[in-house]
1. Can you tell which of P182, Q267, T252 lies farthest toward the positive end of the dipole of the range 157-295, using +1 and -1 charges on the Cβ of basic and acidic side chains (Lys, Arg; Asp, Glu)?
2. Taking H placed 1.01 Å from N in the peptide plane, check which residues at least 5 places from V96 or on another chain put their amide H under 5 Å from its amide H.
3. Tell me, what is the percent relative contact order of the range 101-173, built from C-alpha pairs under 8 Å that lie six or more residues apart?
4. Suppose we flag GluC sites (Glu not before Pro) only when DSSP calls them loop and at most 13 other Cβ atoms lie within 10 Å. Which is the longest uninterrupted stretch of the chain?
5. What is the ratio of the Cα radius of gyration of the chain to 2.2 N^0.38 Å, with N the residue count, to two decimals?
6. Among I194, I110, which comes first, second and so on when ranked by fewest other beta-carbon atoms within 10 Å?
7. Compute the separation of the alpha-carbon centres of the range 295-311 and the range 191-260 and state it in Å as a whole number.
8. For the chain, with only Lys/Arg (+1) and Asp/Glu (-1) charged at the beta-carbon, what is the dipole magnitude about the Cα centre, in debye rounded to 20?
Amino acid sequence: MSAPLLRVRDLATHFFTRAGVLKAVDGVSFDLSAGEILGLVGESGSGKSVTGYSLLGLIDPPGRIVAGSIRLHDQELIGLPPAALRDLRGRRLAMVFQDPMTTLNPVLTIAAQMQLALGAHERVSARAGRARAADVLTRVGIPDAARRLDAYPHQFSGGMRQRVAIAVALLNRPDVIVADEPTTALDVSIQAQILAEMKALVRDLGTALIWISHDLAVVSALASRILVMYAGRIVEQGPTATVLRAPRHPYTGGLLDSLPSRAAPGQTLQQIPGLPPTLAALPAGCAFHPRCARADVACQVAPETTLAGTRGWRCHHPLAEPAP
Ligand SMILES: Nc1ncnc2c1ncn2[C@@H]1O[C@H](COP(=O)(O)OP(=O)(O)OP(=O)(O)O)[C@@H](O)[C@H]1O
Ligand code: SF4
Ligand SMILES: [Mg+2]
């Protein structure tokens, strides 16, 4: 088997605050292959965004990557000088944020900001830059892209603005795009359109994509593999179809049971009891134990990851594998 494009091992990103050391990412490991879509899912505060920012070297004090390895091809990214990381960002790794205005400058036309993004990495003439910009805008579903290049961000609707931000991420044909809840603020039909377009884009361009969402339904519609995060750790990972059919971690089981599509008409939606823990006061042992119906005394010790073929889970008492 060929080496993965991105190889993350034992990544730990902590925040050193007055409330103590918050282990936002605590020993995260996964691989990403070229052209693969990986879904990263979990409740609010589980460490999804901090994982994404860590990959791009975007962690600021009081946060710091304290351990682990992030290898892109054969290059180690942890410990790279800031200038080298800046050079990689956009060119090899790009990020799409929930709020497109994090990426877009309100006082520049789309053409001007795309030219700046291109010019940061290579010398491109204005004419060639416009042609590349129009091409990526067309790819993300912006009609009449060549003309729309001269518009400002506020002249686009929310859904179109997010498409423009995705186009900026695509401009330099990066190897990996990390998309952090980019469709969460959009209405459901626009979200569905963008998800379908992203799937086609990844297939056409061979870009690998990490799609972060708190919504398991969104992630499972898009990703071929799922990572489920809880309190800074990956508690379950595997191919989407297998995880959906046969979750092994009780938290994944709870997330699936609370999907509206799994409830019969008129039936009350199930919920995982309790709330996600705050990192300043994490429960000892398995962090999920206060909310877990299967918890017993063994769960006072944090479980290690059990690996089985293409999947893995961290639980002392995993859900049973259903009969085939
Ligand atoms: N700048 C910061 N300073 C201190 N702690 C932080 C900071 N950023 C993140 N954290 C800690 O890291 C935890 C994980 O944050 P993160 O943003 O990764 O969560 P998330 O899974 O993306 O949640 P959401 O679904 O709400 O976006 C937070 O709950 C918080 O405790
Ligand atoms: S280790 Fe124990 S508490 Fe944690 S998810 Fe498994 S059964 Fe539940
Ligand atoms: Mg987040």
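None of the figures in this text is laboratory data; all of them are computed from the coordinates on show. Model, not experiment: these values are computed from the prediction. Here the Cβ is made from the backbone with ideal geometry for all residues, glycine too, and neighbour counts use every protein chain on show.
1. About the Cα centre, the residue reaching furthest to the positive side is T252.
2. V178, A179, D180
3. On the way: 74 pairs, mean separation 30.3, N = 73.
After rounding, I find 42 percent.
4. Working: sites that count: E122, E304.
The reported range is 123-303.
5. Working: Rg = 20.5 Å, N = 324, 2.2 N^0.38 = 19.8 Å.
Compared with the compact-globule rule of thumb, the chain sits at 1.03.
6. On the way: I194 21, I110 26.
If I rank by nearby Cβ atoms, fewest first, I get I194, I110.
7. The range 295-311 and the range 191-260 have Cα centres spaced 21 Å from each other.
8. Details: 32 positive and 26 negative charges, 93 e Å.
About 440 debye.
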